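**Student:** Below is a structure I'd like to ask you about.
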Amino acid sequence: MPDPGTRVEVRSTDDPSASVVAIFGDVTSGSEPALMEAFVAAVDGGARTIVLDFAGLEYMNSGGIGLLVTMLVRAKRQGQRLLAVGLSDHYREIFSLIRLDEAIGIHDDANAALAASRA
Amino acid sequence: MQSKDTGAWAHPVSSLATTAVGAPDDAVTGRRVAGPVHGFGQMWQKTFRVRLDGAGSPRDVMATWKERFPTFWPQSVKFYAPLAGIAPGEVALLEIAPLPGTPVRLSTGVLVIYADDESFTFMTPEGHTLSAWITFSAFQDAGVTLAQVQVLERPSDPLDDIAYHLGGSRMQTRFWEDTLIALARHLGTTEPSVETIVVCVDRKRQWRYVRNLRRSATLHSMMRTATAPGRWVTSRVRRRD
């Protein structure tokens, strides 16, 4: 599948067991290399909680959501936790539509997500 | 600010409703969707691709695929299209003959959760044999248009899990390969060859979803088939009265 040019940044946090993966641009099934590379980098850095920051997301089709589902399953299999922040109302609706909000905790920002992960 | 994909996604609904007509049974209305996150068995990703030599652009291919969608399906499954066709939020009904040559018919359906000019995605409802997400797309690779079906699925409950491993998975793989061959032939490819990639994404079973059995379309359809003679007799008696 064509690469949509997804840009991803892995950011460390004050909590060494948590990382933020910030996603920018378009997310489709062609984003798999970029997203998986970031996921592996976060895990290799010792993260048990991975916060996906969608504030820079411009477009996501069903292939992109499918990729998130695969990432969620991989995270669970390895005992990690995925959280989501920065979702617009539109993408919150989509997470609700496909019931992904039952599996990925949604928070307003990274601080709230990290607080919830420590609770 | 509106996202580029606004209008391509279905709106959230608490329960499904269909506009499809002609199906003998509606086992979908009132149910919720259940994707691969909510299934019981192992999670598999199956990707099927076919090269469409001489076909038009990916958009042309998808327009034809949407318009004539049921005609590319093997005869073992009847697709009752919703009135608005393959459009976000529409629910189609399916009648599946899981055991060819027997009267057993499985009634279920799919929700179109996403549709744009280059892809569309179905999600299965509660009770469907597979908790799945099926994306149909077309794209260009080295100047050639390819059509693709990608399925992310888990058998929905323990009964479906057994059936999946006893041949259901193989039948389903064959189903999508035949679908792509029919599409490719319609678009002018004389000898289509389907590339199939199967990956087990999660080997673990999700035992907390064992209760999906309560909504099993397989059980519902078996009961319906078993009680069909009784219903037939009752209807004859009522007619005579």
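**Student:** Which one of the conditions (1) more than 18 Å from B:Thr108 (Cβ to Cβ); (2) of a type in the set (S, T, N, Q); (3) at pLDDT 80 or above does B:Ser216 fail to meet, given that it meets all the rest?
**Tutor:** Evaluating B:Ser216 over (1) more than 18 Å from B:Thr108 (Cβ to Cβ); (2) of a type in the set (S, T, N, Q); (3) at pLDDT 80 or above leaves (1) as the failure.
**Student:** Follow-up question, since we're still on this one. If you check A:Glu9 against the conditions, is it acidic (Asp, Glu) and under 22 Å from B:Gln148 (Cβ atoms)? Let's see the steps before the verdict.
**Tutor:** Working: acidic (Asp, Glu): yes; under 22 Å from B:Gln148 (Cβ atoms): no.
Against the criterion (acidic (Asp, Glu) and under 22 Å from B:Gln148 (Cβ atoms)), A:Glu9 does not qualify.
**Student:** Give all pairs with beta carbons closer than 6 Å in which a residue from segment A:51-76 that is more than 7 Å from every other protein chain (Cβ to nearest Cβ) and under 21 Å from B:Ala138 (Cβ atoms) meets a residue that is part of a strand (DSSP E or B) and of a type in the set (Val, Ile, Thr); count only pairs at least 6 apart in sequence or on separate chains.
**Tutor:** If the second residue must be part of a strand (DSSP E or B) and of a type in the set (Val, Ile, Thr), the pairs left are A:Gly64/A:Val27.
**Student:** Next question. Which residue, of A:Asp26, A:Asp3, is over 29 Å from B:Arg203 (Cβ atoms), within 14 Å of chain B (Cβ to nearest Cβ) and modelled with pLDDT under 90? Working first, answer last.
**Tutor:** Details: A:Asp26 fails: modelled with pLDDT under 90.
Step by step, each of A:Asp26, A:Asp3 is checked, and only A:Asp3 is over 29 Å from B:Arg203 (Cβ atoms), within 14 Å of chain B (Cβ to nearest Cβ) and modelled with pLDDT under 90.
**Student:** Of the residues A:Ala84, A:Ala112, only one is assigned to a helix (DSSP H, G or I) and modelled with pLDDT of 90 or more; which?
**Tutor:** Details: A:Ala84 fails: assigned to a helix (DSSP H, G or I).
Testing whether each residue is assigned to a helix (DSSP H, G or I) and modelled with pLDDT of 90 or more leaves just A:Ala112.
**Student:** Out of everything in segment B:1-28 that is touching a strand residue (DSSP E or B) at 6+ places or on another chain (Cβ under 8 Å) and among the hydroxyl-bearing types (Ser, Thr, Tyr), what residue ends up being nearest to the other protein chains (Cβ to nearest Cβ)?
**Tutor:** Here is the first cut: in segment B:1-28, the residues touching a strand residue (DSSP E or B) at 6+ places or on another chain (Cβ under 8 Å) are B:3-5, B:8-10, B:16-28.
With the extra rule that they be among the hydroxyl-bearing types (Ser, Thr, Tyr), the set shrinks to B:3, B:18-19.
Details: B:Ser3: 5, B:Thr18: 17, B:Thr19: 18 Å.
It comes out as B:Ser3.
**Student:** Just for segment B:39-81: of the residues that are crowded, with 21+ Cβ neighbours inside 10 Å and in contact with a Gly (Cβ under 9 Å, 6 or more places away or on another chain), which one is farthest from B:Ile162 (Cα to Cα)?
**Tutor:** This residue is B:Ala55.
**Student:** Within the bounds of segment A:32-47, is there any residue that is part of a strand (DSSP E or B) and either under 23 Å from B:Gly39 (Cβ atoms) or within 11 Å of chain B (Cβ to nearest Cβ) (or both)?
**Tutor:** In the first step, residues of segment A:32-47 are kept if they are part of a strand (DSSP E or B); the result is none.
Checking segment A:32-47: not a single residue is part of a strand (DSSP E or B) and either under 23 Å from B:Gly39 (Cβ atoms) or within 11 Å of chain B (Cβ to nearest Cβ) (or both).
**Student:** Let me ask something else. Please state which of the following conditions B:Thr71 fails to meet, knowing it meets all the rest: (1) more than 18 Å from B:Ala17 (Cα to Cα); (2) assigned to a strand (DSSP E or B).
**Tutor:** Tallying (1) more than 18 Å from B:Ala17 (Cα to Cα); (2) assigned to a strand (DSSP E or B), B:Thr71 fails exactly one: (2).
**Student:** With the checklist (1) away from chain A (no Cβ under 14 Å); (2) at pLDDT 90 or above in hand, flag the one item B:Lys46 doesn't pass.
**Tutor:** For B:Lys46, the exception is condition (1).
**Student:** Continuing with the same structure: Give the residue, chosen from B:Thr196, B:Thr135, that is without any contact (Cβ under 8 Å) to a residue 24 or more places away in the chain and in contact with a helix residue (DSSP H, G or I) (Cβ under 7 Å, 6 or more places away or on another chain).
**Tutor:** Values: B:Thr196 fails: without any contact (Cβ under 8 Å) to a residue 24 or more places away in the chain.
None of the other options fit; the residue is B:Thr135.
**Student:** If I ask for residues that are crowded, with 19+ Cβ neighbours inside 10 Å, over 15 Å from A:Ile23 (Cα atoms) and not aromatic (Phe, Trp, Tyr), which ones from segment A:81-99 would you list?
**Tutor:** Going through segment A:81-99, the residues crowded, with 19+ Cβ neighbours inside 10 Å turn out to be A:81-87, A:91, A:94-95, A:97-98.
Narrowing further to those that are over 15 Å from A:Ile23 (Cα atoms): A:81, A:94-95, A:97-98.
Matches in segment A:81-99: A:Arg81, A:Ile94, A:Leu97, A:Ile98.
**Student:** Based on this model, can you work out whether B:Ile86 counts as hydrophobic (A, V, I, L, M, F, W, C), in a loop (DSSP other than H, G, I, E, B) and within 14 Å of chain A (Cβ to nearest Cβ)? Spell out how you get there, then give the answer.
**Tutor:** Details: hydrophobic (A, V, I, L, M, F, W, C): yes; in a loop (DSSP other than H, G, I, E, B): yes; within 14 Å of chain A (Cβ to nearest Cβ): yes.
The answer is yes for B:Ile86.
**Student:** Among the listed residues A:Ile65, A:Ile50, which satisfies the condition of being crowded, with 22+ Cβ neighbours inside 10 Å, of a type in the set (Val, Ile, Thr), in contact with a strand residue (DSSP E or B) (Cβ under 9 Å, 6 or more places away or on another chain) and under 30 Å from B:Pro125 (Cβ atoms)?
**Tutor:** Working: A:Ile50 fails: under 30 Å from B:Pro125 (Cβ atoms).
None of the others qualify; the one that does is A:Ile65.
**Student:** Residue pairs, Cβ under 6 Å, 6 or more apart or interchain, first in segment A:11-37 and at positive phi, second surrounded by 19 or more Cβ atoms within 10 Å (Cβ to Cβ) and among the β-branched types (Val, Ile, Thr). List them.
**Tutor:** Filtered contacts from segment A:11-37: A:Gly25/A:Thr6.
**Student:** Could you look through segment A:86-110, keep only residues that are among the charged types (D, E, K, R) and within 17 Å of B:Ser131 (Cα to Cα), and pick out the one that is farthest from the other protein chains (Cβ to nearest Cβ)?
**Tutor:** In the first step, residues of segment A:86-110 are kept if they are among the charged types (D, E, K, R); the result is A:89, A:92-93, A:99, A:101-102, A:108-109.
Then drop every residue that is not within 17 Å of B:Ser131 (Cα to Cα), which leaves A:99, A:101-102.
Values: A:Arg99: 7, A:Asp101: 10, A:Glu102: 7 Å.
Filtering first and then ranking leaves A:Asp101.
**Student:** Still on this structure, I have one more. Can you tell which of B:Ala27, B:Ala17 is in contact (Cβ under 8 Å) with a residue 12 or more places away in the chain, assigned to a loop (DSSP other than H, G, I, E, B) and surrounded by 17 or more Cβ atoms within 10 Å (Cβ to Cβ)? Before you say what the answer is, go through the steps one by one.
**Tutor:** Working: B:Ala17 fails: surrounded by 17 or more Cβ atoms within 10 Å (Cβ to Cβ).
None of the other options fit; the residue is B:Ala27.
The values are calculated or read from the model by the stated rules, or taken from the named source; none is laboratory data. Source: prediction; values computed, not measured. In this analysis, Cβ positions are derived from the backbone assuming ideal geometry, glycine residues included, and neighbour counts consider all displayed protein chains.
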